[in-house]
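The values are calculated or read from the model by the stated rules, or taken from the named source; none is laboratory data. Remember, it's a predicted structure, so these values are computed and weren't measured experimentally. For neighbour counting, all protein chains shown are included, and Cβ atoms are generated from backbone atoms with ideal geometry for every residue, glycine included. Just so you know, the surface numbers come from the protein's heavy atoms only, side chains and all, with ligands and any DNA or RNA stripped out. Shrake-Rupley method; radii C 1.70, N 1.55, O 1.52, S 1.80 Å.
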Amino acid sequence: MQVTFYGGAGGVTGSKHLIDTGQQKILLDCGTFQGQSDVYSRNRSLPFAPESIDHVILSHAHIDHCGMLPLLVKRGFSGSIFATGATRDVARYMLSDMAKIQEQDAGFRRRHRTGSPDSREPLYTTKDIPETMDRFVEVPYARDDKRWRDVAPGVKLKFYDAGHILGSAVTVLEIDTDDGPKRIAYTGDVGAPGTPLFYDPQVPDEEIDTVIAESTYGGKSHHPLEDMYGRLAETIKQVVARKGKIIIPAFSLGRTQVIVYVLHKLTDEGKIPRLPIYVDSPLATNLTEVFRDHRAIYDEESITDFRQGDAPLAFRNLKYTQSVDESKALNNSEGPYIVISASGMMTAGRVVHHLRHSIADKKNAILITGYQAAGTLGRRLLEGAKRVELYGDWFNVAADVLVFNEFSAHSDHAQMSAYLNRFKGIKQVLLVHGEPNQADDFKTELAAAHEDWIVQRPNEGDTVEIPPPASV
Ligand SMILES: [Zn+2]
């Protein structure tokens, strides 16, 4: 049995890992490449024949894990897509949003005759979404239903909560081989323990031969979560005192809801003044509805944190904006206020307009709360850029740029290492979803701690034998 890494290996975007059992081809995630300059051509050319894939298992609904599913279906994939119910419900919004952005981008390029001829055609459109959604097969978390789910002859599946975003799952596959059944776990993205709203990442009950594990923060540590509330409240009070605006770029899915939750808590506890807070993202607004539909999968702390009848994601001074006009009005209004807006890495979307109106004024602050991939505007700000281009115009960076890594949707190296330590039976660990220096640091750490584990860090395009040949 083999696994080939077609994306999300030696990088963080475009996750696609193909398991070939000899009888079945099972694809783990089918994500979009983001950030680099050649993403159009890389996303356009799928690295395998869609009709050769039997089934897909989807870890969670972030675009870098699910964004290419409609293209896969459009080009001839005819199997099922296995996911949790929440992932399916979230994916419907995420993929529709992605399709709309594709249509708008391609239209812009056609009208202005820019980009390659390829990039003037959308990869897929909103018309392609219903057929993709029809392929979803819901699989509950193992904590709700311990039974194995048949994926294909000789291939069984269970999902454990990954604690990363709503619906995120750690996949466990039990696959029949000539050598008896073998178990493979794919962590997908793993959340940090203690993150509000979500359960902590859960460890499979079964013994696992091979783990395909993420390594986003493989060489880095987050600040302790407890220190963050005070630091965040202090920052907000300072900016409010100078009547500034606070811009929080955030993924519409996951971080936005966690940030809203934390701001609600700080407001209720009197730690920050009751100032206007806006979630300026139609997608985030729609996704908040999905969160309300899936309250049962909030962790218990989140349910008891707020007085009965008070919803964690709604409070008096919080407003969800929908229309472009509302968003523009906000651009021109005076601080103090907080606006949470996408995209999380500041590559596009309404947040770029908010930055255009705020970045050059030292009254204001930009709070970075999530991972910023190489090549993105967020990464340049993180690295201290003094001047940046925003939709064609150049701006001086005068606003404070502050990092709140504690909001990260990912475990750091120590949390991830502690998580893997709790797995039983590991023989082989394959590190994916990390930039090479992060993944290599994590590889060194794990290999030093576990002499009996074979730890590898595959590159894009590599094929690895699973479980490892006994002679290695
Ligand atoms: Zn993710």
Part-to-part distance (alpha-carbon centres) for the range 435-450 and the range 140-198, which is given in Å: 24
Per-residue SASA entry for residue 423, accessible area with 1.4 Å probe, Å² rounded to 10: 20
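How would you classify the range 22-95 from its alpha-carbon gyration tensor, with a ≥ b ≥ c the square roots of the eigenvalues: rounded for a/c under 1.5, else prolate if a/b is greater than b/c, otherwise oblate?
oblate
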Long-range amide H partners of residue 192 with built H, under 5 Å: 410, 411
With DNA, RNA and ligands ignored, accessible area of residue 457 (1.4 Å probe; Å², nearest 10): 50
Enclosed volume per residue, in Å³, of the convex hull spanned by Cα atoms of the range 1-54: 67
Relative packing of 66-74, 2-10, 391-399, which averages over residues the other C-beta atoms within 10 Å, highest first: 66-74, 2-10, 391-399
Spacing of the two label points (7 Å from each Cα toward its C-beta) at residue 220 and residue 311, in nm: 3.3
For the chain, diffusion coefficient by Stokes-Einstein and Kirkwood Rh (Cα), 4 °C, 1.567 mPa s, µm²/s: 57
Interchain or long-range residues, amide H under 5 Å from residue 55's placed H: 25, 27
Unsatisfied cross-links (Cα-Cα over 28 Å) in the set 100/243; 243/265; 74/156: 100/243
³J(HN,Hα), Karplus 6.51/-1.76/1.60, whole Hz, each residue of the range 68-80, x for Gly, Pro: 9, 4, x, 5, 4, 5, 4, 9, x, 5, 10, x, 9
Distance violations [Cα-Cα > 20 Å] among 127/319; 245/319; 25/443; 16/146; 220/271: 127/319; 25/443; 16/146; 220/271
Counting DSSP beta bridges with both ends in the chain, the antiparallel % (nearest 5): 45
Portion, in percent, of the accessible area of the range 115-256 that falls on carbon or sulfur, probe 1.4 Å: 47
In order through the range 396-413: 3J(HN,Hα) via Karplus (6.51 cos²θ - 1.76 cosθ + 1.60), integer Hz, x for Gly, Pro: 6, 8, 10, 5, 5, 10, 10, 9, 10, 5, 4, 6, 3, 7, 10, 5, 8, 4
Accessible area in square angstrom per residue, the chain, 1.4 angstrom probe: 40
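Sorted by average packing, counted as other Cβ atoms within 10 angstrom per residue and highest first, what order do 18-30, 268-280, 186-198 take?
Final packing ranking: 186-198, 18-30, 268-280.
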Accessible surface of residue 251 - all protein chains present, 1.4 Å probe, nearest 10 Å²: 70
The range 252-383, Cα convex hull volume normalised per residue, Å³: 126
Peptides ranked, highest mean first, by Cβ atoms within 10 Å: ranges 448-455, 125-132: 125-132, 448-455
The chain, relative contact order in percent, only Cα pairs under 8 angstrom and at least six apart counted: 19
Residue 199 long-range amide H proximity, modeled H, under 5 Å: 299
On Cα atoms only, tilt of 225-241 relative to the major axis of the chain in degrees: 30
Inter-part distance where the range 382-401 and the range 451-472 are each reduced to a Cα centre, Å: 42
³J(HN,Hα), Karplus 6.51/-1.76/1.60, whole Hz, each residue of the range 349-354, x for Gly, Pro: x, 5, 4, 5, 5, 4
Gyration tensor (alpha-carbon) shape descriptor, the range 90-179, a/c threshold 1.5: prolate
The range 380-472: equivalent-ellipsoid semi-axes (sqrt of 5 x gyration tensor eigenvalues, Cα, Å): 38, 17, 10
Cα-based shape type of the range 129-221, given that a ≥ b ≥ c are square roots of the gyration tensor eigenvalues and the cut on a/c is 1.5: oblate
At most 15 other Cβ within 10 Å, DSSP loop - GluC sites (Glu not before Pro), the range 341-413: 383
Degrees, to the nearest 10: 85-112 long Cα axis against longest axis of the chain: 70
Efficiency of FRET from Cβ geometry, residue 451 and residue 131, R₀ 41 Å, rounded to 0.05: 0.25
Carbon/sulfur fraction of accessible area - the range 1-50, other protein chains in place, 1.4 Å, %: 43
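Taking the convex hull of the Cα atoms, report for the range 209-262 its projected area averaged over all directions, in nm². Before the final figure, lay out the partial values.
Values: hull surface 24.0 nm².
The directionally averaged projection comes out at 6.0 nm².
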Reachable aspartates and glutamates, given that their alpha-carbon falls under 16 Å from the alpha-carbon of residue 362 and they are not under 8 places away in the same chain: 334, 400
